[in-house]
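Input: a single structure, listed below in structure tokens.
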Amino acid sequence: MRVAEKYEIIKQQINEACLRVKRNPEEVRVIAVTKYVSTERANEALHAGIINLGENRDEGLLRKWEELKDKPVWHYIGSLQTRKVKNIVNIVEYIHSLDRISLAEEINKRAEHKVKCLVQVNVSGEESKHGLPAEEVLTFIESLRNFEHISVEGLMTMAPLTDNESQIRECFHKLRELHKQVQALNLDYAPCTELSMGMSNDFEIAIEEGATMVRIGTALVGEDG
């Protein structure tokens, strides 16, 4: 199935999820996760009207950045090693995986423009997942006050890989509550308007819990061809 066809299905699912909780579908931004597909497939996503693409490795992002004629809004969505910041920081508009002060320092040092960052939170507490513990997030964000090239645009998390809907929903709900706490700080450098949560298997739940960005790979761009 072509990306355009899949995108129509995804948009309908988003509309239905928004209708269930009385949200405006325009509040939800779809990020096509193109890390497992070719540049041609990523280009197909652009032609389908998807302007936000996400990559989780610098090599894949750089290759597609060079090859794609029409430039998307790039989102770096994977764990980012400090030594690789210089490769991507002036290409991407969003980094979804800010989770430590050493990474913030490197972003701030290397950036030639203000980078929109999302603080990654390990809400589930799983050892296999990156991100700050929820109880450390407010202190961490307050410590970014003097980083002139960083704007804390929101929070990001990944739910447990499970069929237990209540467990997934609880994870997203906790991030939304933390998001409200950050907004209540009224920090100029941390407007925190975005909630990046939800992937192919759980994006509808994420939207019901307030997601403004959903990161969809398999269900949207899938396999090449």
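Quick note: the coordinates plus some simple rules give every number you see, no bench work behind them. Quick caveat: nothing in here was measured; it's all calculated off a predicted structure. When we count neighbours, we look across all protein chains shown, and the Cβ atoms used for this are built from the backbone with ideal geometry, even at glycine.
Please report, in debye to the nearest 20, how large the charge dipole of the range 51-161 is about its Cα centre when each Lys and Arg carries +1 at its beta carbon and each Asp and Glu carries -1 there. Don't skip to the answer; put the middle values down first.
Values: 15 positive and 18 negative charges, 72 e Å.
That gives the range 51-161 a dipole magnitude of about 340 debye.
Given R₀ = 30 Å, FRET efficiency for ARG110-LYS11 by Cβ-Cβ distance, to 0.05?
Values: r = 36 Å, r/R0 = 1.20.
Once rounded, the FRET efficiency stands at 0.25.
With just the Cα atoms defining each centre, how far is the range 73-102 from the range 29-65? Give it in Å.
Result: 16 Å between the Cα centres.
If you stretched the chain out fully between GLU126 and GLN183, how much longer would it get, using 0.36 nm times the residue separation minus the C-alpha to C-alpha distance? Display every interim value, and only then the final one.
Details: separation 57, 0.36 × 57 = 20.52 nm, distance 2.57 nm.
Between GLU126 and GLN183, full extension yields an extra 17.9 nm.
Please compute the Kirkwood hydrodynamic radius of the range 149-212 from all pairs of different C-alpha atoms, in Å with one decimal. Could the numbers behind the result be given before it?
Working: mean 1/r = 0.0828 Å⁻¹.
Value: 12.1 Å, from the Cα pair sum.
Using unit Cβ charges (K, R positive; D, E negative) and no other charged atoms, how large, in debye to the nearest 20, is the dipole of the chain about its Cα centre?
Numbers: 29 positive and 37 negative charges, 86 e Å.
Approximately 420 debye in magnitude.
Report, in listed order, any pair from LYS22/LYS64; LYS64/LYS174; LYS11/LYS71; LYS22/LYS86; LYS22/LYS109 with a Cα-Cα distance greater than 32 Å.
Working: LYS22/LYS64 37 Å; LYS64/LYS174 35 Å; LYS11/LYS71 22 Å; LYS22/LYS86 42 Å; LYS22/LYS109 42 Å.
In this structure, LYS22/LYS64; LYS64/LYS174; LYS22/LYS86; LYS22/LYS109 exceed 32 Å between Cα atoms.
What list of ³J(HN,Hα) couplings, whole Hz, do you get for the range 57-65 from phi and the Karplus terms 6.51, -1.76, 1.60, once you set θ to phi - 60° and write x for glycine and proline?
Rounded to whole hertz, the list is 9, 5, 4, x, 5, 5, 5, 5, 4.
Give a quick list of GluC sites (Glu not before Pro) in the range 136-165 that DSSP marks as loop, anything other than H, G, I, E or B, with at most 15 other Cβ atoms within 10 Å. List each step's numbers first, then the result.
Working: sites: GLU136, GLU142, GLU148, GLU153, GLU165; in loops: GLU148.
Loop-located and lightly packed - GLU148.
Multiply the residue gap between MET1 and SER166 by 0.36 nm, knock off their C-alpha separation, and tell me the result in nm, one decimal place. Present the calculation step by step, with values, prior to reporting the outcome.
Working: separation 165, 0.36 × 165 = 59.40 nm, distance 3.13 nm.
Full extension from MET1 to SER166 adds 56.3 nm.
What ³J(HN,Hα) values, in whole Hz, does the Karplus curve 6.51 cos²θ - 1.76 cosθ + 1.60 give for the range 8-16 when θ = phi - 60°, with x put for Gly and Pro?
Per residue, the Karplus-derived 3J(HN,Hα) values read 4, 5, 4, 4, 5, 5, 5, 4, 5 Hz.
In 10 Å bins starting at 0, how do the alpha-carbon pair distances of the range 71-119 split up by percent?
Percent of pairs per bin, in order: 28, 66, 6, 0.
Would you mind getting the Kirkwood hydrodynamic radius of the range 175-223 from its Cα pairs, rounded to one decimal in Å? Kindly include the intermediate steps, with their values, before the conclusion.
Numbers: mean 1/r = 0.0846 Å⁻¹.
The answer is 11.8 Å.
I'm a student and want to see the number: the projected area of the Cα convex hull of the chain, averaged over all directions, in nm².
Hull-based average projected area comes out at 11.8 nm².
Applying the Karplus parametrisation 6.51 cos²θ - 1.76 cosθ + 1.60 with θ = phi - 60° to the phi angles of the range 178-191, what ³J(HN,Hα) value in whole Hz is obtained for each residue in order, glycine and proline being reported as x?
5, 4, 5, 5, 5, 4, 5, 6, 6, 8, 4, 8, 9, x
In deg cm²/dmol and to the nearest 500, what is the mean residue ellipticity at 222 nm of the chain if only DSSP H runs of at least 4 residues count, each as -39500 (n - 2.57), divided by the residue total? Before the final figure, lay out each step's value.
Details: 8 runs with 83 residues, N = 225.
Value at 222 nm, helices only: -11000 deg cm²/dmol.
Under the 0.36 nm per residue contour assumption, what length would be gained going from the current alpha-carbon distance of THR39 and GLU142 to full extension? It would help to have the intermediate numbers written out before the result.
Values: separation 103, 0.36 × 103 = 37.08 nm, distance 3.87 nm.
Additional length available on full extension: 33.2 nm.
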